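Down below is the structure, laid out as structure tokens.
The values are calculated or read from the model by the stated rules, or taken from the named source; none is laboratory data. Keep in mind it's a predicted model, so treat the numbers as computed, not measured. No Cβ is skipped: glycine too gets one built from the backbone with ideal geometry, and neighbour counts run over all protein chains shown.
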């Protein structure tokens, strides 16, 4: 088998492991579903092992497949490094997990600048929750993830670098003129999902400020919570996202917390050793250097 076709086959395998779907992987890498399925079968035939457990409706990576993820990622990285002798060092593909709320925060602007400054770098974004990204990093299906600081101890194979922080704020629907807002009336509280990392920060904020709340709804989306508060369905505690014009929002009002301000710390979670560290180093430098200029790797 030719080198180029082998690389495409391995790239197809990694895409299938991320999406858990041949059709979705095919769309990502520009193949038909039939061609992607044939490439997977070809890889399994050459290796002599099935890499996925199959049913009529699902495709699940088995132990053989999981054991191949890291070696195949290394092969892909070495192949991409061949091009770096003639091109910029910051190129190829990085698969990055990101909370949707971080794209509405300081990371969103930085991501655009990195993509502009390094046009040969392809960034594949996977949306999800911090706890899910942790598992995907351990499995090797993500290169890195932008997540909140974990309330738990991390596995020794991973490291987290703080990039920026956002204060947790109390938000209410904007009170119509002439109507006084009564904090003691206990309107419904719209809570971020308790068992998430951001949910722990909400609980910490409530306890630190000795707030009396009446639980209403529970969601795992900062954006959805903000919209529900805009509609007057309750109030909430959320991180103060950088890319929302809070002061100009006529439907929201930020209320100062009566006591201690809790911060949501956002950072880069990655394995201590991986093959896209040149790219994650650039991401960290954009924040830690305090500049927005193009950085030399």
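Criterion applied to 29, 72 was being in contact with a helix residue (DSSP H, G or I) (Cβ under 8 Å, 6 or more places away or on another chain), surrounded by fewer than 18 Cβ atoms within 10 Å (Cβ to Cβ) and at pLDDT below 90, and the one residue passing it is 29. Of all the numbered requirements in (1) farther than 19 Å from residue 93 by Cα; (2) modelled with pLDDT under 90; (3) not in a loop (DSSP other than H, G, I, E, B), residue 38 misses one, and that requirement is (2).
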